[in-house]
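K.L.:
I have a structure I would like to understand better, so I am pasting it below and will then ask my questions one at a time.
The values are calculated or read from the model by the stated rules, or taken from the named source; none is laboratory data. None of the values given here were measured: they were computed from a predicted structure. Here the Cβ positions follow ideal geometry from the backbone for every residue, glycine too, while neighbour counts run over all protein chains shown. The accessibility values were calculated without ligands, DNA or RNA, using every heavy atom of the protein model including side chains. Shrake-Rupley method; radii C 1.70, N 1.55, O 1.52, S 1.80 Å.
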Amino acid sequence: MTVTNVDNLDRTSALVKHDVGGRTPAPIRFLKRIPVLIVIGVLLVIEIYPLFWMFINSLKSNTDFLNNPSWALPEVWEWGNYVSAWLTGNLATTITNSLIATVPSLALIVILGVAGGFALEVMVFKGRGGILLLILAGIMIPVQMILLPLFTIFFNLNITGSLLPLIIIYTGHGLPLTIFMMATYFRAIPREVFEAATIDGSSMLRSFWYIGFPMVRNAVITVGLVQFFLIWNDLLIAITFASNRSLNTIQAGLLNFSGEYGATDYGPLFAAICITTGGILILYLFLNQQIMKGLTAGSVKG
């Protein structure tokens, strides 16, 4: 009888320590996850709170900004700030100008960047290493250093009264990084794939379009979105080459909320920022999976 009781105690202890299948019990697994959950919670607060704070401030009146702390809720919810933001900031025009400057620039960057990355990594020709080094040198040149020479050139060409200078500069400034990144992604594709296509009689153009491009499609989306953010959020180039209010891009248009004597209407300003930021967040949510795949596409080979 004593031996039986001892055996029962051993079985009970074993069940307490381990659940079915020898796994750690659920409460213990949950306790082990607590540090990870805390870190995730802190990161969510860091990422989400600024958006929440921006939205709350977009619904405040100037009286709220003067009399209450910035983190306090509005006393009166001023939904009309969004109407004022659209009209004061002339957002319809500035968003259109941003799209006119961004879409052609992005199309040229992606087309030339993907083709350039394929040529420098897959095609074999003399001097391609030196060409890649020259392209990388373009990444190291700060845009601030070339603004004055470029402005002089565009002024002499009499094109400063249009958005064409922005398209040219955005394209030239974005190509070096894009070519370098795409060359890295093409490097991750086994060379035997292109060799087999060549043996089967495929031309280099067909190999690029039907083999290379589909294999780096997610990477193209990632690179394109990175360049889109850089162009869309640019302010320095926009106010230098498109200083006319009718040519203002979205970032330059946000400067229009400073009134007489430097006074700023903060409610409509935050509302305008919410409008422009919301569109970017929606775009990112739609392309989130492709971006994640593209970020890891060039990390391994084979």
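K.L.:
How big is the accessible area of LEU120 in square angstrom, nearest 10, if you roll a 1.4 angstrom probe over the protein chains?
P.N.:
Accessible area, nearest 10 Å²: 20 Å².
K.L.:
Can you tell me how much longer the chain between LEU66 and TRP53 gets when fully stretched, taken as 0.36 nm per residue apart minus their C-alpha distance, in nm with one decimal?
P.N.:
Contour length minus Cα-Cα distance gives 3.0 nm.
K.L.:
Between VAL83 and ARG187, what FRET efficiency comes out of the Förster formula 1/(1 + (r/R0)^6) with R0 = 45 Å and r the beta carbon distance, rounded to 0.05?
P.N.:
0.30
K.L.:
Just to verify a number: what accessible area does ARG187 come out at with the full protein assembly present, 1.4 Å probe, Å² rounded to tens?
P.N.:
100
K.L.:
Counting pairs of alpha carbon atoms under 8 Å apart in space and at least six apart in sequence, what relative contact order in percent does segment 27-138 give?
P.N.:
That works out to 14 percent.
K.L.:
If you don't mind, another one. Would you work out if the chain is rounded, prolate or oblate? Take a ≥ b ≥ c from the square roots of the eigenvalues of the alpha-carbon gyration tensor; rounded if a/c is under 1.5, else prolate when a/b is larger than b/c, oblate otherwise.
P.N.:
Note, shape of the chain comes out oblate.
K.L.:
Kindly sort ILE239, ILE56 by accessible area of their heavy atoms, largest first, with the probe set to 1.4 Å.
P.N.:
The ranking, largest first, comes out as ILE239, ILE56.
K.L.:
Quick one: if the Förster radius is 41 Å, what FRET efficiency do THR277 and ALA137 give, using the C-beta to C-beta distance and rounding to 0.05?
P.N.:
About 0.75, to the nearest 0.05.
K.L.:
Taking H placed 1.01 Å from N in the peptide plane, check which residues at least 5 places from THR264 or on another chain put their amide H under 5 Å from its amide H.
P.N.:
For THR264, whose amide H was placed from the backbone, the distant partners under 5 Å are GLY259.
K.L.:
Additional query: Using the Kyte-Doolittle scale, which helices in the chain average at least 0.5 and also have C-alpha atoms spread 18 Å or more along the helix axis, with helices defined as whole DSSP H runs?
P.N.:
26-57, 91-121, 143-156, 164-187, 217-232, 266-286
K.L.:
Here is a further query. Remind me, what semi-axes does segment 72-136 give for its equivalent ellipsoid, largest first in whole Å, using sqrt of 5 times each Cα gyration tensor eigenvalue?
P.N.:
Calculated on Cα positions only, the semi-axes equal 48, 14, 9 Å.
K.L.:
For the chain, what relative contact order do you get, as a whole percent, if you take Cα pairs closer than 8 Å and at least 6 residues apart?
P.N.:
It comes to 28 percent, rounded to a whole number.
K.L.:
Another question about this same structure. Test of understanding: in a Gaussian network model of the chain with alpha carbons linked when under 10 Å, which of LEU99, LEU43, LEU132 would top the mean-square fluctuation ranking?
P.N.:
Residue with maximal mean-square fluctuation among LEU99, LEU43, LEU132: LEU43.
K.L.:
Quick one: ranking LYS60, LYS32 by accessible area, 1.4 Å probe, largest first, what do you get?
P.N.:
LYS32, LYS60
K.L.:
Also, quick follow-up: Whole number in Å², please: accessible area per residue of the chain, 1.4 Å probe, ligands, DNA and RNA not counted.
P.N.:
61
K.L.:
Still on this structure, please answer the following. Determine ³J(HN,Hα), in whole Hz, for all residues of segment 62-73 in sequence, where each value follows from phi through the Karplus function 6.51 cos²θ - 1.76 cosθ + 1.60 and θ = phi - 60°; x replaces Gly and Pro.
P.N.:
4, 5, 4, 5, 7, 9, 10, x, 5, 8, 6, 6
K.L.:
Moving on. Do the sum for the chain: with -39,500 (n - 2.57) for every DSSP H run of n ≥ 4, divided by all residues, what is the mean residue ellipticity at 222 nm, to the nearest 500 deg cm²/dmol?
P.N.:
The helix-only estimate for the chain comes to -23000 deg cm²/dmol at 222 nm.
K.L.:
Could you tell me the relative contact order of segment 138-240? Use alpha-carbon pairs under 8 Å, at least six residues apart, and round to a whole percent.
P.N.:
About 34 percent, as a whole number.
K.L.:
Could you check which residue among ALA26, ALA271, ALA197 shows the biggest mean-square fluctuation in a GNM of the chain with a 10 Å Cα cutoff?
P.N.:
Highest fluctuation of the listed residues: ALA26.
K.L.:
Once label points are set 7 Å from the Cα along Cα→Cβ at both ILE40 and ARG206, what is their separation, rounded to one decimal in nm?
P.N.:
If labels sit at ILE40 and ARG206, their model points lie 4.9 nm apart.
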